[in-house]
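Data first, discussion second: the structure below is written as structure tokens.
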Amino acid sequence: MSTVLLIVIVAAVIVLAVLLFGAKKGRDKRRAGKRMEAQELRQGAEVESAKAQRARAEAEEAAARAERQERVARERHADADDVDPDASSRSREERQEYLERGR
């Protein structure tokens, strides 16, 4: 084998090794960038999830307050019907049906 051919083969192997090494470094760098992007997305998702949980809790509290207010209103209607001499049992039933349909 001639010396020139040997030098060409060694040079080709070295160039190939450098190219493969560079490609691996580039791939590693892209992967690191993707990892950071994914981490930022996860952090954003956690923030949104916390906001949603807070909003859900506030909505549940508001619903509970509304139910208490409805119950108090029904009790006051019943008290008013008990006091009102002109209130009939039919008007009480109609009011109760109306209140229940409104829910």
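Restricting attention to the range 28-51, does a residue exist that is out of contact with any strand residue (DSSP E or B) (no Cβ under 9 Å at 6 or more places or on another chain) and touching a residue at least 24 places away in the same chain (Cβ under 8 Å)?
We begin by selecting, within the range 28-51, every residue out of contact with any strand residue (DSSP E or B) (no Cβ under 9 Å at 6 or more places or on another chain); these are 28-51.
Those still in the list that are touching a residue at least 24 places away in the same chain (Cβ under 8 Å) too: none.
No, the range 28-51 contains no residue that is out of contact with any strand residue (DSSP E or B) (no Cβ under 9 Å at 6 or more places or on another chain) and touching a residue at least 24 places away in the same chain (Cβ under 8 Å).
Any idea which of A38, A50 is within 12 Å of the chain's Cα centre (by Cα), surrounded by 10 or more Cβ atoms within 10 Å (Cβ to Cβ) and at pLDDT 95 or above? Reasoning before the result, please.
Values: A38 fails: within 12 Å of the chain's Cα centre (by Cα).
The unique qualifying residue is A50.
The values are calculated or read from the model by the stated rules, or taken from the named source; none is laboratory data. Given the structure is predicted, the values throughout are model-derived calculations rather than measurements. Positions of Cβ are backbone-derived with ideal geometry, glycine not excepted, and every protein chain shown enters the neighbour counts.
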